[in-house]
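Written below as structure tokens is the structure these notes are about.
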Amino acid sequence: MAGVAGAAAVVAAPAVLTAAGFTSAGVAAGSLAAATQSAVYGGYVASGSAFALAQSAGAAGIGAKGAAAIFTAVGTILYANTG
């Protein structure tokens with residue numbers, strides 16, 4: 001069960017990022033990502049921050065390391081809560 005959920009999260013991640021406003025062209029105007037960038041980060045987004053990682057994944061894709069991290073995180077959370 002945890003493995004299936006982890007795989008589903010990996011598949012869904014690109015669509016979720018795009019829906020939030022993290023696109024291949026950058027942060028979409030008027031999106032949740034744009035509102036977050038404005039309210040929380042202002043003109044400065046720290047390298048390595050969660051926002052920077054989401055921005056990078058939205059622009060270039062999640063890649064193998066990102067896919068592995070998502071799979072592991074979701075699988076671990078579900079496994080820990082099932083028993």
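Observations, loosely collected:
- In Å, descending, principal axis extents of the Cα set of the chain: 44, 21, 21
- Value of relative contact order over the stretch 2-80, rounded to a whole percent, pairs C-alpha under 8 Å and six or more apart: 47 percent
- Candidates Ser24, Ser47, Ser56: whichever shows maximal mean-square fluctuation once the chain is modelled as a Gaussian network with Cα springs under 10 Å: Ser47
A short reminder: the numbers here are calculations on the coordinates, not readings from a lab. Computed from a prediction, not measured in an experiment: that's the story for all the values here.
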